[in-house]
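S.K.: This is the structure I have questions about; it appears just below.
The values are calculated or read from the model by the stated rules, or taken from the named source; none is laboratory data. Small disclaimer: the values here were computed from a predicted structure and weren't measured. In this analysis, Cβ positions are derived from the backbone assuming ideal geometry, glycine residues included, and neighbour counts consider all displayed protein chains. These area figures cover heavy atoms from the full protein model, side chains too; ligands, DNA and RNA do not enter into them. Shrake-Rupley method; radii C 1.70, N 1.55, O 1.52, S 1.80 Å.
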Amino acid sequence: MAAMGTSGPGAWSPGSAAAAAAASKHTVTSFQRRGPRASGAESGGSRLVSIAGTRPSVRNGQLLVSTGLPALDQLLGGGLAVGTVLLIEEDKYNTYSPLLFKYFLAEGIVTGHTLLVASAKEDPADILQGLPAPLLDDNYKKELGEDVHNDETPEFNSKMKIAWRYQLLPKMEAEPVSSSKFGHYYDVSKKIPRELIEASKWHGFFLPEKIPSTLNEESCSLTPGYLKLLQFIQKTIYEEGFDGSNPQKKQKNILRIGIQSLGSPLWGDDVCCSENCDNSHSLTKFLYVLRGLLRTSLSACIITVPTHFIQNKAIIARITNLSDTVIHLESFIGSNRETNPLYKDYHGLIHIRQIPQLNNLMSDVSDVKDLAFKLKRKLFVIERLHLPPDLSDTVSRSSKPDLADSTKLLGPGCGMMAGGKKHLDF
């Protein structure tokens with residue numbers, strides 16, 4: 001009682017301060033967040049752990065990885081979403097689609113992601129040996145024909161002035177300068193160093209080595225090649241800890257899956273051979289099961305399909321619906337546009353067929369529709385298609401003899417026709 005009496009309204013003591021602090025810690029006001037604070041060890045399990053070579057989407061918060069082409073990342077809304085399938089419809093002579101396939105794998109090696117390369121015609125080890133070399137630091141500016149130290153010249157400083165309040169702010173690094181950045185540039189004239197391949201972790205699936213000559217047919221609608229590939233992908237995802245049910249013991253990482261020329265006869269599929277094939281649903285079922293594996297794992301997949309060989313258009317529509325992102329490459333090789341002077345600066349067109357709708361009601365579709373690509377000596381460039389204006393004298397109007405003949409058909413009335421097949425040209 002004596003102790004309580006000494007603590008008056010104006011008195012202060014260390015015990016009362018500690019009690020007040022303890023009371024205020026448990027007091028919930030309108031300015032405090034309900035629940036545990038998102039700091040320290042308590043929030044480490046709930047918050048998304050940052051993974052090298054990834055970034056969240058500014059639109060829907062989906063985790064994104066780079067395709068290896070910064071221009072393509074921009075067209076897809078910032079990159080390729082983790083857990084989705086990127087389908088590339090091969091060009092007619094399969095000249096440029098392997099470049100996008102290799103860019104995707106090379107980006108995985110530079111960022112330290114795990115690779116899974118599957119092919120039926122080429123050994124995955126040979127595919128990795130043929131990947132393009134990365135351009136780090138300021139090398140990409142030199143390849144693009146830009147001066148690295150252009151902003152250091154006095155002429156540049158005298159011509160280029162910015163507001164005084166922005167001079168003290170740090171400069172933005174819009175381009176990749178190291179392996180930790182999102183998206184890189186690559187030199188197609190050089191091969192990736194062997195040291196990077198040896199330091200990376202990858203899994204290879206070569207169909208002739210996985211399927212023996214004598215194979216017992218199982219009661220499954222999938223072809224043996226597709227079945228073996230699905231089992232290999234599932235085993236890699238579960239054993240390496242890329243699925244959500246079995247978290248990775250070490251630092252989290254991304255699995256990049258690359259499947260080359262899926263649906264070709266080398267995979268044992270006859271979808272490209274005839275319009276009414278026996279295994280018409282084998283390819284679609286493979287994509288359906290593959291999407292189920294990707295949705296519950298930290299993985300992203302790129303698939304090239306020779307759709308120009310598939311005669312049944314309904315199968316192409318099903319393949320498109322079962323994919324998340326679809327890109328079609330139209331090469332000018334062997335077409336009339338190859339010799340057309342209007343397209344002399346380009347090697348083909350690129351069409352964005354489909355973009356996924358993730359965590360929102362509408363997809364992030366780019367406003368640019370006319371896209372073209374060209375392969376330079378060292379770079380694969382995607383640009384907006386710019387055609388020269390038509391300045392010729394010929395216009396889409398009737399010639400003078402036709403106009404003279406049409407006047408003879410006019411009757412005495414202003415809006416009546418005396419007869420004939422031609423009409424007024426207003």
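S.K.: Of the residues that sit in segment 206-250 and are under 24 Å from the mean Cα position of the chain (by Cα) and part of a loop (DSSP other than H, G, I, E, B), which one is modelled with the highest pLDDT?
M.R.: Restricting to residues being under 24 Å from the mean Cα position of the chain (by Cα) and part of a loop (DSSP other than H, G, I, E, B), the top hit is Phe242.
S.K.: Restricting the search to segment 117-135, which residues are touching a Phe, Trp or Tyr at 6+ places or on another chain (Cβ under 8 Å), surrounded by fewer than 20 Cβ atoms within 10 Å (Cβ to Cβ) and among the aliphatic types (A, V, I, L, M)?
M.R.: Within segment 117-135, just Ala133 meets the criteria.
S.K.: Continuing with this model, one more query. Does Asn359 satisfy the condition of being open to solvent by 40 Å² or more (accessible area, probe 1.4 Å), modelled with pLDDT under 85 and of a type in the set (S, T, N, Q)?
M.R.: Values: open to solvent by 40 Å² or more (accessible area, probe 1.4 Å): yes; modelled with pLDDT under 85: yes; of a type in the set (S, T, N, Q): yes.
For Asn359, the condition - open to solvent by 40 Å² or more (accessible area, probe 1.4 Å), modelled with pLDDT under 85 and of a type in the set (S, T, N, Q) - is met.
S.K.: Something else: With the requirement that a residue be open to solvent by 50 Å² or more (accessible area, probe 1.4 Å) and at pLDDT below 70, what does segment 362-381 give you? Break it down stepwise before answering.
M.R.: As a first pass, look at segment 362-381 and keep what is open to solvent by 50 Å² or more (accessible area, probe 1.4 Å): 362, 365, 367, 369-370, 375-377.
The answer is Met362, Val365, Asp367.
S.K.: Taking only segment 298-335 into account, find how many residues are open to solvent by 10 Å² or more (accessible area, probe 1.4 Å) and either small (Gly, Ala, Ser) or closer than 20 Å to Gln231 by Cα (or both).
M.R.: Number of matching residues: 7.
S.K.: Follow-up. With a cut-off of at least 1 residues that are surrounded by fewer than 20 Cβ atoms within 10 Å (Cβ to Cβ) and of a type outside the set (Gly, Ala, Ser), name the strands (runs of 3 or more DSSP E) lying wholly within segment 45-112. Break it down into steps so the answer makes sense when it comes.
M.R.: Working: elements: 54-56, 63-65, 85-89.
Of the strands (runs of 3 or more DSSP E) lying wholly inside segment 45-112, those with at least 1 residues that are surrounded by fewer than 20 Cβ atoms within 10 Å (Cβ to Cβ) and of a type outside the set (Gly, Ala, Ser) span 54-56, 63-65.
S.K.: Which members of segment 308-326 meet the condition of being part of a helix (DSSP H, G or I), within 14 Å of Glu90 (Cα to Cα) and in contact (Cβ under 8 Å) with a residue 12 or more places away in the chain? Before you say what the answer is, go through the steps one by one.
M.R.: Initial filter on segment 308-326 (part of a helix (DSSP H, G or I)): 308-309, 313-321.
If we keep only those that are within 14 Å of Glu90 (Cα to Cα) too, we end up with 308-309, 316, 319-320.
Hits for segment 308-326 are His308, Phe309, Ile319, Thr320.
S.K.: Please verify whether Lys285 is closer than 16 Å to Leu115 by Cα and either open to solvent by 10 Å² or more (accessible area, probe 1.4 Å) or modelled with pLDDT of 90 or more (or both), treating the condition exactly as stated.
M.R.: Taking the combined requirement at face value, the residue does not satisfy it.
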